[in-house]
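Notes follow the structure.
The values are calculated or read from the model by the stated rules, or taken from the named source; none is laboratory data. All values reported here derive from a predicted model rather than from experimental measurement. So basically every Cβ, Gly included, is an ideal-geometry build from the backbone, and we count neighbours across all protein chains shown. Ligands, DNA and RNA are excluded from the accessible area calculation, which covers all protein heavy atoms including side chains. Shrake-Rupley method; radii C 1.70, N 1.55, O 1.52, S 1.80 Å.
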Amino acid sequence: GLGFYVYRNKKEVLAEIRKPLTIAVGYTAVLALVQLVLQKTVGSPFYFLGERTFNLGTPGIALFEFWGRERMRPYGTFGHPNAMAGFVLASIPFLLPLGKISAILTTVISFSQGAWLAGIAAKVIQKIRLKRVLIIGLVVISLILPVLGRVKQLAGSRRLELSRIGGEVFSKRPLF
């Protein structure tokens, strides 16, 4: 329903979201850049906007290698750098010009290879003018994914079994 409303009222909706979305992408870009330089969170007001507390040594943090050294990928206020890159990349068509530059910069410094490929693919598709083919393809994929999810559940059962075994090993020998 929301998609239909936006489609029917795209000029009004675009006029309403363009400026606030540009501001959101702009502060995400600044925050991500500062995180990349500091290799840790900024804290303070960004904590209240959703920034997690982490640094280069935090277990499970997303890293990349740069000139032989591990570096932390910036998160912005998102749960993962790929999510941040996906958000700013998907926002590009709706942004003011400065916001588009911020979004491209943020996608690059996120080191999200999937977002880089998606951005390149989107630009190629835009040039070839295959938008209708892409939309039809996305609809078909969205209809097929639930079926594929069932197939993936079967593969996931092996993960559950290994997790159970891991729990047993840990309970018997926690230091091992």
Count of residues meeting criterion [part of a helix (DSSP H, G or I) and either open to solvent by 80 Å² or more (accessible area, probe 1.4 Å) or within 16 Å of Phe78 (Cα to Cα) (or both)] in region 16-59: 23
Among (1) under 23 Å from Lys123 (Cα atoms); (2) assigned to a loop (DSSP other than H, G, I, E, B) - the single one Gly86 does not satisfy: (2)
Answer residue from region 94-119, given it is hydroxyl-bearing (Ser, Thr, Tyr) and within 12 Å of the chain's Cα centre (by Cα) and is nearest to Gln39 (Cα to Cα) among those: Ser110
Elements of type helices (runs of 4 or more DSSP H) contained in region 94-174, each with 2 or more residues being modelled with pLDDT of 70 or more, open to solvent by 80 Å² or more (accessible area, probe 1.4 Å) and not hydrophobic (A, V, I, L, M, F, W, C): 113-128, 131-172
Residues being more than 8 Å from the chain's Cα centre (by Cα), surrounded by fewer than 18 Cβ atoms within 10 Å (Cβ to Cβ) and of a type in the set (Gly, Ala, Ser) - total across region 80-93: 1
